[in-house]
């Protein structure tokens, strides 16, 4: 059985693509800072906002992989999936994957925020930017994906 997908509003396509590119840009910047040194971060290093402390902490690695690299890979995938071309693909599972990647990314963001606040006791402004972008993507996709995938009735029905 071939599953079909419903079209999504243009605003959702452009919004998710823009947000994915913003997330990709922030992830490139954080990955560059990870490999070239935290001194490349234009961010406070005192008080609660301390990008250096966050990006050099033990929590900046997950399974021995820098979190910045995971973010870069994730946002590269999301930029492709959320491109206008990605949204127009006919394969049902590509659209399911888009939604699953964003849900998984948001779950990881919740862990990172908890680590920043409870373990490191500092926050990074650039990391927070990535977290906000991920949350906004989740909101948009929660609005359009269930209808697109046939999991919920459309508003017009």
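Every number in this text was worked out from the coordinates using simple rules, so none of it is lab data. Only a predicted model underlies this, so the values are computations on that prediction, with no experimental measurement involved. All Cβ positions, glycine included, derive from the backbone under ideal geometry; neighbour counts span all protein chains shown.
Mind pulling the angle between the C-alpha long axis of helix 92-114 and the longest principal axis of the chain? Nearest 10 degrees, somewhere in 0 to 90. Long axis of 92-114 versus the principal axis of the chain: about 30 degrees. Counted residue by residue at 0.36 nm each, then reduced by the alpha carbon distance between them, the extension gain from residue 56 to residue 85 reaches 6.8 nm.
Counting neighbouring beta carbons within 10 Å and listing from fewest to most, the residues 42, 135 come out as 42, 135. Using Cα atoms only, what is the angle between the long axis of helix 125-148 and the major principal axis of the chain, expressed in degrees (0 to 90) to the nearest 10? Between helix and principal axis, roughly 10 degrees.
Which translational diffusion coefficient, to the nearest whole µm²/s, is obtained for the chain from the Stokes-Einstein equation, given a Kirkwood hydrodynamic radius over C-alpha pairs, 10 °C and 1.306 mPa s? Here the translational diffusion coefficient equals 96 µm²/s.
Taking 0.36 nm per residue of separation and subtracting the Cα-Cα distance, what length does fully extending residue 121 through residue 103 add?
Result for the pair: 3.9 nm of gain on full extension.
By other beta-carbon atoms within 10 Å, ranking 87, 93 with the fewest at the front produces 93, 87. For segment 94-144, the equivalent ellipsoid built from the Cα gyration tensor has semi-axes of 24, 11, 7 Å, listed from largest to smallest. Only helices enter this figure: runs of n ≥ 4 DSSP H residues, each worth -39500 (n - 2.57), summed and divided by the residues of the chain, yield -21000 deg cm²/dmol at 222 nm to the nearest 500. Computed from Cα atoms, the angle from the helix 10-36 axis to the main principal axis of the chain rounds to 20 degrees. GNM remark for the chain: springs join alpha carbons under 10 Å apart, and the peak mean-square fluctuation among 70, 78, 89 falls on 89. Using Cα centres only, tell me the gap between segment 63-79 and segment 1-27 in whole Å. Spelled out, the Cα-based centre of one part sits 18 Å from the other.
Arranged from fewest to most other beta-carbon atoms within 10 Å of their beta carbon, 141, 106 become 106, 141.
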